[in-house]
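One structure is given below, encoded as structure tokens.
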Protein chains: 2
Amino acid sequence: MTMRSEDRLLVRALRREPLPRPPVWLMRQAGRYLPEYRAVRQQAGGFLEMMRNPEYASEVTLQPVRRYGMDAAILFSDILVPLEAMGMHLVFDEHGPSFPVPVRSRGQVDALQDVDPDQTMGFVGEALRRTRRGLPDETALIGFCGAPFTLAAYAIEGAGTKSFAATRAMMYRDESTFRALMDKLAGVVARHLRYQVVHGAEAVVLFDTWAGTLGHEDYLRYAAPWSRAVLQELAGVAPRVLFVHGGDHLLDELVRSGVEAVALDWRTPIGKAFDRYGDRVALQGNLDPATLLASPSEVARRTNALLDEVGGRPGHILNLGHGIFKETDPESVGAFVRCAKERAR
Amino acid sequence: MTMRSEDRLLVRALRREPLPRPPVWLMRQAGRYLPEYRAVRQQAGGFLEMMRNPEYASEVTLQPVRRYGMDAAILFSDILVPLEAMGMHLVFDEHGPSFPVPVRSRGQVDALQDVDPDQTMGFVGEALRRTRRGLPDETALIGFCGAPFTLAAYAIEGAGTKSFAATRAMMYRDESTFRALMDKLAGVVARHLRYQVVHGAEAVVLFDTWAGTLGHEDYLRYAAPWSRAVLQELAGVAPRVLFVHGGDHLLDELVRSGVEAVALDWRTPIGKAFDRYGDRVALQGNLDPATLLASPSEVARRTNALLDEVGGRPGHILNLGHGIFKETDPESVGAFVRCAKERAR
């Protein structure tokens, strides 16, 4: 007798049902802080090799759930997968991911392929199915994708940057090329998320990691229309979570997008966010990932303070306010997860 | 007959006097976007060589004022100068500044020298005096320094980073070493700012660039006490401006520090900031520096929209919300400065 998806704690929290305790998972929970992850990565030969192999990808997705019993697993993958599938050559080295040939012209935008995930990202579907088979019955499975603006920024810059000057220059000086790129990305992102739902994802996270670098006016003009189009495509298909790193100044807009949940950056006071938005969306977060570098007892103190601030209001999903650091002591993750599990109303 | 410092537009704005138009300057206005700056840099042989030579440093400080007629010049220097003076070996390459030997232990903290700026940073004083002689009478001269937290983060990391994991680890796991480092830095920073005032700076900016990565609780515990100690030392010595990149969530605390002005990150809506804080501090900012990549007419449209939002309230200093990008077209800077100069009540 398997549990129905809608009865899993995470999915119930996304409906804002009153629950005995909040569900808990961590952004980037399948990651380098875990020795068992590093062992698989070494065996696979690298990040990309691990991600493209459903056996490895599924194994590292299951590892943190096995160790800590989180209420959700998020498929191990990378937000840049769709860009690679569209024909961009992706390189991973010690500086992180990069595209040696960035997209700067209309010709390059037109040359990007409008991919069908079943054809080009089949390893993702296979990894999801394998993961579902390996997960405990009560654990939800989450899919994700980078949002169009964040993917566009990576495609245009070719690598991480502080200023996003090339992206801004295209936005302001060659808007039709920028819009053509965003249109194409929005189609691919929506299909990729739908595909993940078909293959077992019970909720999806749209990561608009870099949109927080935009002021309000620019966000509305150059990012929001396309992330909303994607989210609209997923309405009724699966519950949707939207995350913007450093997005405190955009919260009104994120909530207005109609998603089931907004994931809060650690700098947003979560109690005030519940006061303001708690009757309209679920809220995920938002412990500062850097505080997991503290001792387990300090992690527990801060996590309990956060839970007290929320005060058991429905719709809370305990998580970090950004991805976990590779330097994190696994013991501190245990302390974090236990705080949610031991919580009783 | 020279103008008295207190009659200069910038200094009057810092006192929140009603003025016919707001003063204007740009963070990092002496910079690579100017061809004349690049020429001096080439002649000098590099960034550090330019900074340590009062003739070069003064020349590039004067360049933007000559070209655009800003109301203030900010001395060309780097926020890391005090760390170098304290004995850390500073390297500048294509990736920016770095310290090959970061400070991680109590022994390394104790070995840092408690410098006397007159002895070790004499080139700064000489550059300030030269600059004052070259400036138009009505133009104010600004000094600056990195705040203790930001300097500590650089010293501990050794280079720019997204996560500041080493800094956080020291804060949480070796707090006494962290506090010893902050104590020493606060002394040096306060002396360095005083020294700049003695040599002609009419206002000082304390750049706590990285403190915005801290949540509220951590900011209060690990950064604010030392920046406040520095600012307290400067009270009555010169008007003080405090800038925290990404500091929107800390604004209440920044205002509470007692400074004459808070410099706003571009993501803070400036009209709301004036509503909330305008009767207590002057507010500087806050056009998104990336928008200077747009055409001059679009820059003018956005700058005028910003000025309309402020609505001529006293205490506004027009500036960017972060340093200008090296990719900026000099024409766009002209459009920005003209908006302030052509403003009439």
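Tell me, which residue of the range B:109-118 that is part of a helix (DSSP H, G or I) and touching a helix residue (DSSP H, G or I) at 6+ places or on another chain (Cβ under 9 Å) is farthest from residue B:76 (Cα to Cα)? Spell out the reasoning first.
Residues of the range B:109-118 that are part of a helix (DSSP H, G or I), as a first pass: B:109-111, B:117-118.
Going one step further and asking which of them are touching a helix residue (DSSP H, G or I) at 6+ places or on another chain (Cβ under 9 Å), we end up with B:109-110, B:117-118.
On the way: B:109: 28, B:110: 30, B:117: 17, B:118: 18 Å.
Per the criteria, the residue is B:110.
Yes/no per residue for (1) buried (at least 18 other Cβ atoms within 10 Å of the Cβ); (2) out of contact with any helix residue (DSSP H, G or I) (no Cβ under 9 Å at 6 or more places or on another chain):
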{"residue": "A:37", "(1), (2)": "yes, no"}
{"residue": "A:57", "(1), (2)": "yes, no"}
{"residue": "A:61", "(1), (2)": "yes, no"}
{"residue": "A:71", "(1), (2)": "yes, no"}
{"residue": "A:86", "(1), (2)": "yes, no"}
{"residue": "A:94", "(1), (2)": "no, yes"}
{"residue": "A:106", "(1), (2)": "no, no"}
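Return the residues of the range B:65-77 that are closer than 22 Å to residue B:239 by Cβ and either in contact with an Asp or Glu (Cβ under 7 Å, 6 or more places away or on another chain) or part of a helix (DSSP H, G or I) (or both); say none if nothing qualifies. Reasoning before the result, please.
First, pick out the residues of the range B:65-77 that are closer than 22 Å to residue B:239 by Cβ: B:65, B:69-77.
Scanning the range B:65-77 gives a single hit, B:65.
Filter the range A:207-228 down to the residues that are touching a Pro at 6+ places or on another chain (Cβ under 9 Å) and in contact (Cβ under 8 Å) with a residue 60 or more places away in the chain, then identify the one that is surrounded by the fewest Cβ atoms within 10 Å (Cβ to Cβ).
So the residue we want is A:226.
Out of the residues in the range A:131-189 that are of a type in the set (A, V, I, L, M) and within 14 Å of chain B (Cβ to nearest Cβ), which is farthest from residue A:219 (Cα to Cα)? Give the derivation first.
The initial filter retains those residues of the range A:131-189 that are of a type in the set (A, V, I, L, M), namely A:135, A:140-142, A:147, A:151-153, A:155-156, A:159, A:165-166, A:169-171, A:180-182, A:185-186, A:188-189.
Those left that are additionally within 14 Å of chain B (Cβ to nearest Cβ): A:153, A:156, A:159, A:165-166, A:169-171.
On the way: A:153: 13, A:156: 17, A:159: 21, A:165: 16, A:166: 16, A:169: 15, A:170: 15, A:171: 11 Å.
That would be A:159.
Which of (1) free of Cβ contacts under 8 Å to residues at least 40 places away in the same chain; (2) over 28 Å from residue B:91 (Cβ atoms); (3) among the hydrophobic types (A, V, I, L, M, F, W, C) does residue B:169 not meet, given it meets every other one?
(2) is the only condition that residue B:169 fails.
Any idea which residue in the range B:311-345 is farthest from the other protein chains (Cβ to nearest Cβ), counting only those that are among the acidic types (Asp, Glu) and either in contact with a helix residue (DSSP H, G or I) (Cβ under 9 Å, 6 or more places away or on another chain) or in a helix (DSSP H, G or I) (or both)? Show your work before the answer.
The first filter runs over the range B:311-345 and keeps only residues among the acidic types (Asp, Glu), leaving B:327, B:329, B:331, B:342.
Next cut, either in contact with a helix residue (DSSP H, G or I) (Cβ under 9 Å, 6 or more places away or on another chain) or in a helix (DSSP H, G or I) (or both) only: B:327, B:329, B:331.
On the way: B:327: 4, B:329: 10, B:331: 13 Å.
Selected residue: B:331.
Got at least one residue in the range A:271-290 being surrounded by 22 or more Cβ atoms within 10 Å (Cβ to Cβ) and among the hydroxyl-bearing types (Ser, Thr, Tyr)?
No: zero hits.
Mind checking which pairs have a first residue in the range B:119-130 that is modelled with pLDDT under 95 and a second that is part of a helix (DSSP H, G or I), Cβ under 8 Å, 6 or more apart or different chains?
B:120/B:85; B:121/B:81; B:121/B:82; B:121/B:85; B:121/B:192; B:121/B:195
Tell me the residue from A:301, A:345 that is surrounded by fewer than 16 Cβ atoms within 10 Å (Cβ to Cβ) and modelled with pLDDT under 95, please.
Numbers: A:301 fails: modelled with pLDDT under 95.
From the options A:301, A:345, the qualifying one is A:345.
Taking residue B:168 and the conditions (1) under 30 Å from residue A:324 (Cα atoms); (2) surrounded by fewer than 22 Cβ atoms within 10 Å (Cβ to Cβ); (3) at pLDDT 95 or above; (4) charged (D, E, K, R), which numbered condition does it fall short on, given that it satisfies the others?
Of the numbered conditions (1) under 30 Å from residue A:324 (Cα atoms); (2) surrounded by fewer than 22 Cβ atoms within 10 Å (Cβ to Cβ); (3) at pLDDT 95 or above; (4) charged (D, E, K, R), the odd one out for residue B:168 is (2).
Quick one: what pairs do we get from the range B:64-77, first residue without any contact (Cβ under 8 Å) to a residue 24 or more places away in the chain and over 18 Å from residue B:51 (Cα atoms), second crowded, with 24+ Cβ neighbours inside 10 Å and of a type outside the set (Ser, Thr, Tyr), C-beta under 6 Å, 6+ apart or different chains?
Final answer for the pair search is none.
So which residues in the range B:190-214 are more than 14 Å from the chain's Cα centre (by Cα), within 14 Å of chain A (Cβ to nearest Cβ) and not hydrophobic (A, V, I, L, M, F, W, C)?
Step one: filter the range B:190-214 for residues more than 14 Å from the chain's Cα centre (by Cα), giving B:190-191, B:194-195, B:197-200, B:212-214.
Of the ones still in play, those that are also within 14 Å of chain A (Cβ to nearest Cβ) are B:212-214.
Listed by number, the residues that qualify are B:212, B:213.
Identify, please: which residue in the range B:108-132 is of a type in the set (D, E, K, R) and within 25 Å of residue B:170 (Cα to Cα) and is, among those, surrounded by the fewest Cβ atoms within 10 Å (Cβ to Cβ)?
Looking only at the range B:108-132, we keep the residues that are of a type in the set (D, E, K, R), and these are B:110, B:114, B:116, B:118, B:126, B:129-130, B:132.
Remaining after also requiring within 25 Å of residue B:170 (Cα to Cα): B:110, B:114.
Numbers: B:110: 11, B:114: 9.
Checking each candidate, the answer is B:114.
So if I check each of B:318, B:287, which one is within 22 Å of residue A:211 (Cα to Cα) and in contact with a strand residue (DSSP E or B) (Cβ under 9 Å, 6 or more places away or on another chain)? Before the answer, list the steps.
Values: B:318 fails: within 22 Å of residue A:211 (Cα to Cα).
Every option except B:287 fails the conditions.
Hey, could you check the range A:301-310 for residues that are in contact with a helix residue (DSSP H, G or I) (Cβ under 8 Å, 6 or more places away or on another chain) and among the charged types (D, E, K, R) and say which is nearest to the other protein chains (Cβ to nearest Cβ)?
Checking each candidate, the answer is A:302.
Return yes or no: is residue B:131 of a type in the set (Val, Ile, Thr) and either touching a Pro at 6+ places or on another chain (Cβ under 7 Å) or under 26 Å from residue B:225 (Cβ atoms) (or both)? Let's see the steps before the verdict.
Numbers: of a type in the set (Val, Ile, Thr): yes; either touching a Pro at 6+ places or on another chain (Cβ under 7 Å) or under 26 Å from residue B:225 (Cβ atoms) (or both): no.
So residue B:131 fails the test.
Keeping to the range A:246-300, report how many residues are in a helix (DSSP H, G or I), of a type in the set (D, E, K, R) and within 9 Å of chain B (Cβ to nearest Cβ).
Let us first name the residues in the range A:246-300 that are in a helix (DSSP H, G or I), namely A:248-256, A:270-277, A:289-293, A:296-300.
Filter again for of a type in the set (D, E, K, R), leaving A:248, A:252-253, A:256, A:272, A:275-276, A:298.
Still in the list and also within 9 Å of chain B (Cβ to nearest Cβ): A:248, A:298.
So the answer is 2.
Give the range B:139-166 a look and list any residue that's free of Cβ contacts under 8 Å to residues at least 40 places away in the same chain and hydroxyl-bearing (Ser, Thr, Tyr), or say none.
Once the filter is applied, which keeps residues that are free of Cβ contacts under 8 Å to residues at least 40 places away in the same chain and hydroxyl-bearing (Ser, Thr, Tyr), the range B:139-166 yields B:161, B:163.
The values are calculated or read from the model by the stated rules, or taken from the named source; none is laboratory data. Computed from a predicted structure; not experimentally measured. No Cβ is skipped: glycine too gets one built from the backbone with ideal geometry, and neighbour counts run over all protein chains shown.
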